[in-house]
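What follows is a set of notes on a single structure, which appears directly below.
The values are calculated or read from the model by the stated rules, or taken from the named source; none is laboratory data. None of the values given here were measured: they were computed from a predicted structure. Cβ: placed from backbone, ideal geometry, glycine included. Neighbour counts: every protein chain shown.
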Amino acid sequence: MKRILVFGMTENPGGVESFLMSYYRKIDKARIQFDFLCNSHRPIAYEEEVLSLGARTFHITARSQNPLAYRKELEAVFSEHASEWAAVWVNVSSLANIDYLKLAKKYGIPRRIIHSHNSRNMDGKLRGLLHRKNRRTIGRFATDFWACSEDAARWFYREDLLSKSMLIRNAIDVGRVRFDPEKAELIRRENGLGGKFVIGNVGRLHFQKNQAFALEVFRKYRELNPKSMLVLVGQGEDEAMLKEKAETLGLRDSVLFAGVQQDIQAWLSAFDLFLFPSVFEGLSIAALEAQANGLPVLASYGVIPEDVKMNENFVFLPLGAGVDAWAKKLQTMQDWKRPDFEEVKRNFEQKGFEIGNAVKRLEELLEE
């Protein structure tokens, strides 16, 4: 059995975490087992589950909190355990920190995989500068160059590495998030959503996900359909700003900030429509999960890769079309229904985004 050290899990059950868990739950653990390296001494998302499945978790101090402690603890993990790992698999949204790959090379781990999960800088100027610097040298430390989309590959890799890069689909377990009417009823009853047309968004509360625009669109849409609610699932840096904006727009009683939720299937099932106006994306797990649930989706055109469209009730619209156009498009979609689950599953299978086949390919890659 090969053990692989995986970096990319945090305390927040976000897109990368969901991606990793989709594969980890299905991978043949008699052949491949994961361990998780985490930049936090608090439990990561799904910690109990990964431990129950045979993984180990290695917790270290975040570099941003205490650089000296971070370096000492990271070095200790590699010096003590590097010989146990056949590969390290680093899942990140930028190249601002490639220490994991450098130490993996220093301590002789033969496979060193870097995996791009975004297509633009979502952090500050300093991390953007570090990304550009490390983009020039990443080929010295990594042996394998993976990405969730072509845009994400171009963001990480220069031309000499781009030709070597490999797309790894953000495949999901479609059945795990399929529409569940009983869960939908429970969520709606417990959160005062009964009798409402519920528009939902799942994602980090961050400028990348553009929930500020979603609030503007919803205010206009609510003029067309007063019996509507907007539900934002997630947490992040923009939470206080977004709550203040909702108040300013007169939406205090019409927007639910649901915070981080573990049972995404239940919340998606409670929605009637998924609003996804991101400013940029790699290849969104949230959009895939919404479609696996059968939801009609309105997403930003030219921003989200067109590969993400699985179902016919997924619609693209440019952000530049403006708030009024988005609100009117929502109105035209409000009577759309979920397709049959078998149709949804078939769409995912045909396009390579159902986890069953995708995990077999990953197993083959990790066993090379």
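Restricting Ser83, Ser94 to residues that are touching a Gly at 6+ places or on another chain (Cβ under 8 Å) and buried (at least 17 other Cβ atoms within 10 Å of the Cβ) narrows the list to Ser94.
Being crowded, with 19+ Cβ neighbours inside 10 Å and in a strand (DSSP E or B): is that true of Phe78 here? Answer is no for this residue.
Among the residues in the range 94-105, are any modelled with pLDDT under 95, small (Gly, Ala, Ser) and farther than 22 Å from Glu363 by Cβ? Within the range 94-105, one or more residues are modelled with pLDDT under 95, small (Gly, Ala, Ser) and farther than 22 Å from Glu363 by Cβ. Taking residues in the range 307-319 that are among the acidic types (Asp, Glu), and partners anywhere that are assigned to a loop (DSSP other than H, G, I, E, B) and crowded, with 20+ Cβ neighbours inside 10 Å, the pairs with Cβ atoms closer than 7 Å and at least 6 places apart or on different chains are Asp307/Ser149; Asp307/Leu283. In the range 141-158, which residues are charged (D, E, K, R) and more than 21 Å from Leu130 (Cβ to Cβ)? Scanning the range 141-158 gives Asp144, Glu150.
If you go through the range 262-310 and keep only what is under 12 Å from the mean Cα position of the chain (by Cα) and within 12 Å of Lys209 (Cβ to Cβ), you end up with Glu281, Ser284, Ala286, Ala287. Could you please let me know if Ala45 is assigned to a loop (DSSP other than H, G, I, E, B), without any contact (Cβ under 8 Å) to a residue 60 or more places away in the chain and closer than 19 Å to Ala87 by Cα? When the stated conditions are applied, Ala45 does not pass them. Only one of the numbered conditions (1) assigned to a loop (DSSP other than H, G, I, E, B); (2) free of Cβ contacts under 8 Å to residues at least 40 places away in the same chain is not met by Asp28, and that is (2).
Checked against the criteria, Leu232 counts as at pLDDT 95 or above and under 22 Å from the mean Cα position of the chain (by Cα).
Within the range 186-207, being in contact (Cβ under 8 Å) with a residue 60 or more places away in the chain and part of a helix (DSSP H, G or I) holds for Leu186, Ile187, Arg188. Residues in the range 50-73 that are basic (Lys, Arg) and within 30 Å of Ala30 (Cα to Cα): Arg56 alone.
Would you please name the residue that is surrounded by the fewest Cβ atoms within 10 Å (Cβ to Cβ), looking only at residues in the range 137-167 that are in a loop (DSSP other than H, G, I, E, B) and in contact with a helix residue (DSSP H, G or I) (Cβ under 8 Å, 6 or more places away or on another chain)? Selected residue: Arg158. Looking at Leu126, Leu103, just one residue is buried (at least 17 other Cβ atoms within 10 Å of the Cβ) and either more than 15 Å from Leu20 (Cβ to Cβ) or touching a strand residue (DSSP E or B) at 6+ places or on another chain (Cβ under 7 Å) (or both), and that residue is Leu103. Could you tell me which numbered condition Met1 fails, if it satisfies all but one of (1) among the aliphatic types (A, V, I, L, M); (2) modelled with pLDDT under 95; (3) under 19 Å from the mean Cα position of the chain (by Cα)? That leaves (3) as the condition not met.
Screening the candidates Ala287, Ala321, Ala299 for the property of being among the small types (Gly, Ala, Ser) and over 21 Å from Val202 (Cβ atoms) yields one hit, Ala321.
A single member of Gly250, Gly259 is under 17 Å from the mean Cα position of the chain (by Cα), surrounded by fewer than 17 Cβ atoms within 10 Å (Cβ to Cβ) and either charged (D, E, K, R) or assigned by TED's automatic domain parsing to the domain that holds Ser228 (or both), and it is Gly259.
Of the set (1) in the same structural domain as Ser93 (by TED's automatic domain parsing); (2) surrounded by 15 or more Cβ atoms within 10 Å (Cβ to Cβ); (3) more than 16 Å from Ile113 (Cα to Cα), all apply to Arg188 but (1). Checked against (1) at pLDDT below 95; (2) surrounded by fewer than 16 Cβ atoms within 10 Å (Cβ to Cβ), Asn118 meets all criteria but (2).
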